[in-house]
1. Using the structure shown, decide if residue 21 is assigned to a helix (DSSP H, G or I) and crowded, with 18+ Cβ neighbours inside 10 Å.
2. Applying the selection to region 151-166, what residues are under 20 Å from residue 209 (Cβ atoms) and surrounded by 16 or more Cβ atoms within 10 Å (Cβ to Cβ)?
3. Suppose the filter is in contact with a strand residue (DSSP E or B) (Cβ under 8 Å, 6 or more places away or on another chain), at pLDDT 95 or above, under 21 Å from residue 87 (Cβ atoms) and assigned to a strand (DSSP E or B); does residue 164 pass it?
4. One residue is enough: does region 49-57 have a residue meeting the conditions within 18 Å of residue 89 (Cα to Cα) and either touching a strand residue (DSSP E or B) at 6+ places or on another chain (Cβ under 6 Å) or assigned to a helix (DSSP H, G or I) (or both)?
5. Take region 73-99 and flag every residue that is part of a loop (DSSP other than H, G, I, E, B) and either surrounded by 20 or more Cβ atoms within 10 Å (Cβ to Cβ) or touching a residue at least 60 places away in the same chain (Cβ under 8 Å) (or both).
6. Looking at region 108-129, which of the residues that are in a loop (DSSP other than H, G, I, E, B) and touching a helix residue (DSSP H, G or I) at 6+ places or on another chain (Cβ under 8 Å) is surrounded by the most Cβ atoms within 10 Å (Cβ to Cβ)?
């Protein structure tokens with residue numbers, strides 16, 4: 001099993017951390033607020049620990065579980081501590097109108113993160129299409145959730161896919177990191193469904209394979 005470092009202490013950090021601990025991984029939680037990190041580590045249990053915010057993560061996989069509004073600052077604070085690391089971006093750079101993005105028109109969130117990270121870091125987009133409480137459950141009506149993955153490094157994607165599958169979820173590779181733009185648009189799709197159709201957050205976007 002692997003050691004997983006999670007930067008953040010909110011709902012998504014709790015969901016991924018809980019699944020990771022259940023799957024037998026060792027979880028490290030890092031947050032600007034040490035008390036929040038400790039509270040989440042205590043909640044996760046199973047040997048979860050805390051790390052110093054900004055210090056070199058202990059994990060084989062580093063998960064950015066902070067809002068997009070602060071994620072670029074977080075990556076810059078860690079700086080060289082993320083060199084050579086596998087970084088999982090779960091963020092959605094959605095603007096306050098919930099219809100557009102805060103990223104430059106010629107870019108997207110995962111690309112901005114990759115640009116801010118050390119050149120030899122490997123950024124993989126994953127987990128951004130699920131609500132935290134849905135992800136924490138791991139399945140809907142007995143069917144594992146689909147986790148869409150985008151990245152440029154085949155080995156990094158394979159490692160994330162294995163991690164996802166070990167959580168009892170179904171990894172779905174959608175191609176290079178440029179496809180993360182599509183995954184970020186999927187967040188807008190979910191917000192549109194909440195506003196105009198489903199009107200709640202107890203749903204998941206996935207793939208149904210007939211037969």
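1. yes
2. Our first condition is that a residue be under 20 Å from residue 209 (Cβ atoms); within region 151-166, this holds for 161, 164-165.
161, 164, listed by residue number.
3. Considered against the rule, which asks whether it is in contact with a strand residue (DSSP E or B) (Cβ under 8 Å, 6 or more places away or on another chain), at pLDDT 95 or above, under 21 Å from residue 87 (Cβ atoms) and assigned to a strand (DSSP E or B), residue 164 comes out as no.
4. Looking through region 49-57, at least one residue is within 18 Å of residue 89 (Cα to Cα) and either touching a strand residue (DSSP E or B) at 6+ places or on another chain (Cβ under 6 Å) or assigned to a helix (DSSP H, G or I) (or both).
5. Listed by number, the residues that qualify are 85, 90, 91, 92, 93, 98, 99.
6. Applying the filter and picking the extreme gives 126.
The values are calculated or read from the model by the stated rules, or taken from the named source; none is laboratory data. In this text, all values refer to a predicted model and were calculated from it rather than measured experimentally. Because the Cβ atoms are built from the backbone with ideal geometry, glycine has one as well, and the counts that use them run over all protein chains shown.
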